[in-house]
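Following: one structure in structure tokens, then a few remarks.
The values are calculated or read from the model by the stated rules, or taken from the named source; none is laboratory data. As the structure is a computational prediction, the values presented were derived from the model and not from experiment. Please note: Cβ atoms are built from the backbone with ideal geometry, for glycine as well, and neighbour counts cover all protein chains shown.
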Amino acid sequence: MASLTFYGAINGVTGSAYLLETETATVLLECGLFQGSREEEEGNKADFPFDVSKLDAVIISHAHLDHSGRLPKLVADGYSGPLYMTTPTCELLVIMLNDAASLQERDTEWENKRRRRAGKELIEALYTFEDVEATLALCDGSRYGQRREVVSGVEVCFHDAGHILGSAIVEIFIKEGGVEKKLVFSGDLGNSCAALLRDPEIIEQADVLLLETTYGDRNHRPLDQTLEEFENIIDEASENGGNIMIPSFAVGRTQEIIFRLGELYQKGKLRQQAIYLDSPMAIAVTEVYHRYQNIFNDEDSATMQHGKSGSLHSFLPALRYSTTTAESMSLNKIESGAVFIAGSGMCTGGRIRHHFKHNLWKHNAHVIIVGYQAQGTPGRALVDGAKTFRIGGDEIAVKAQIHTLGGFSAHASQSQLVDWLNNFKKPHPRLFLIHGEAETKEIFKEHLSHEGWSATIPGYAERISF
């Protein structure tokens, strides 16, 4: 009898990891980083709660680090088998994991400088560039709809989740004793109102279903209202002369924001002189998106043809790439009329904090929050009304106007989750709610009970059989 053990994205929205064990195989579904507070991130250093040497295969839904970011640690700890994912995810992981390794090594270097001065024992980075290189060599890409065997008795098929480029709903077929059972993992389901990508594909049957609940407690603001507010913020910043700062995830959200700014430009409604994409990783990801326009939705693909090459960059001629540190620092001289798009999306690090240092204390500056902010992150503090923002040893006064635009979310809202879920035919699969804050999952579970669904909220290391 097959079993599934819940090892991540159980007590929050990060660290996705689930261990599938059958009579003949052991498969890890997801291997994500824990992100958020320092306490949560300490969990990344712990040994895996299972025997890495017994793993036969690993399946990854998409490239976001909370789903894939511990893969190099897994390899460093001895895993050498295949890593199954979609082909675009393979390409994005080259960018994502190398960037993560760079941050790991930089943070470790700074921490060890402090430890040397204090006479404390030195630490090692969670993983290195060599670990990333070994990890990338194991990646095995599939196209959507391609059913394939990953190990004897276990097959996988990826379907478009519409969340980021290459994101997948994962179907896993398990054959034991002549009987086939199907486990479906929603991955991160996309917002059907989001730009560029297609809506999540419909799945109609499963024996066990793992469903993300990031926004299970609320619906997003209607897109037309979000776009109207976005346009109004752009206009207001143009009138009062302030810069706009947009902390944005390099994969997905950045490309959506560029597209929306491009729409304003094409309509003659963008008065800002320059849009600076100040993130080498986001620039590289944007180029990958350009190569995979064949999996964009038809409507937005047609809209982008206003650009000579059909790329996001040509669709928005005001877009400027800032790759080097020197180029980024030169942006400090710009007092007004610019939009800075930079990571990290939750303001935990990256160049957005650099822009905060030079703009956050100004009354005419604007910060547009366009993505989910996990509890314990600096971005969440801004959303919750923090009066100061700590950068290194400095406390920066928050005088800028803070705008939260939930309609740009790349995650499905409560009603969208329910609509997708209700495509499953009866008898309903056993439903487990994951990847959400505790209160959110409880609210969504109660909501589903009125929709005719019985759901379970699993605990950490809880094991089910099917």
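Is it the case that some residue within the stretch 82-100 is more than 30 Å from ASN294 (Cβ to Cβ) and not assigned by TED's automatic domain parsing to the domain that holds THR286?
For the stretch 82-100, residues more than 30 Å from ASN294 (Cβ to Cβ) and not assigned by TED's automatic domain parsing to the domain that holds THR286: absent.
Based on this model, can you work out whether ILE246 counts as assigned to a strand (DSSP E or B), in contact (Cβ under 8 Å) with a residue 12 or more places away in the chain and more than 12 Å from LEU316 (Cα to Cα)?
yes
So LYS425 passes all but one of these: (1) free of Cβ contacts under 8 Å to residues at least 60 places away in the same chain; (2) in a loop (DSSP other than H, G, I, E, B); (3) surrounded by fewer than 18 Cβ atoms within 10 Å (Cβ to Cβ). Which condition number does it fail?
Of the numbered conditions (1) free of Cβ contacts under 8 Å to residues at least 60 places away in the same chain; (2) in a loop (DSSP other than H, G, I, E, B); (3) surrounded by fewer than 18 Cβ atoms within 10 Å (Cβ to Cβ), the odd one out for LYS425 is (1).
Residue under question is ASP56, and the condition is that it be assigned by TED's automatic domain parsing to the domain that holds ALA161, touching a helix residue (DSSP H, G or I) at 6+ places or on another chain (Cβ under 7 Å) and modelled with pLDDT of 95 or more; does it hold?
For ASP56, the condition - assigned by TED's automatic domain parsing to the domain that holds ALA161, touching a helix residue (DSSP H, G or I) at 6+ places or on another chain (Cβ under 7 Å) and modelled with pLDDT of 95 or more - is not met.
Would you check if there is a residue in the stretch 17-26 being within 19 Å of LEU189 (Cα to Cα) and either out of contact with any Asp or Glu (no Cβ under 8 Å at 6 or more places or on another chain) or assigned by TED's automatic domain parsing to the domain that holds ARG143 (or both)?
yes
For the stretch 268-288, enumerate the residues that are among the hydroxyl-bearing types (Ser, Thr, Tyr) and at pLDDT 95 or above.
TYR276
Of a type outside the set (Gly, Ala, Ser), closer than 30 Å to VAL179 by Cα and touching a helix residue (DSSP H, G or I) at 6+ places or on another chain (Cβ under 7 Å): does that describe CYS157?
No: the conditions fail for CYS157.
Name, by its number, the condition in (1) of a type outside the set (Phe, Trp, Tyr); (2) within 24 Å of the chain's Cα centre (by Cα); (3) surrounded by fewer than 21 Cβ atoms within 10 Å (Cβ to Cβ) that does not hold for GLY392.
(2)
I'm trying to understand the selection: among the residues of the stretch 206-232, which are at pLDDT 95 or above and either among the acidic types (Asp, Glu) or within 16 Å of LYS267 (Cβ to Cβ) (or both)?
Correct list: ASP207, GLU212, ASP217.
Test each condition in (1) within 17 Å of the chain's Cα centre (by Cα); (2) surrounded by fewer than 24 Cβ atoms within 10 Å (Cβ to Cβ) for GLY187 and report the one that comes out false.
(2)
Can you confirm whether the stretch 443-464 contains a residue that is in the same structural domain as PHE185 (by TED's automatic domain parsing), touching a residue at least 60 places away in the same chain (Cβ under 8 Å) and touching a Pro at 6+ places or on another chain (Cβ under 7 Å)?
Yes, the conditions are met somewhere in the stretch 443-464.
Kindly indicate which of LEU277, LEU183 is touching a strand residue (DSSP E or B) at 6+ places or on another chain (Cβ under 6 Å) and closer than 30 Å to SER454 by Cβ.
The match here is LEU183.
Out of the residues in the stretch 384-423 that are β-branched (Val, Ile, Thr) and over 26 Å from ALA63 (Cα atoms), state the one that is modelled with the lowest pLDDT.
ILE391
Restricting attention to the stretch 109-143, report how many residues are touching a residue at least 12 places away in the same chain (Cβ under 8 Å) and closer than 30 Å to GLU287 by Cα.
16
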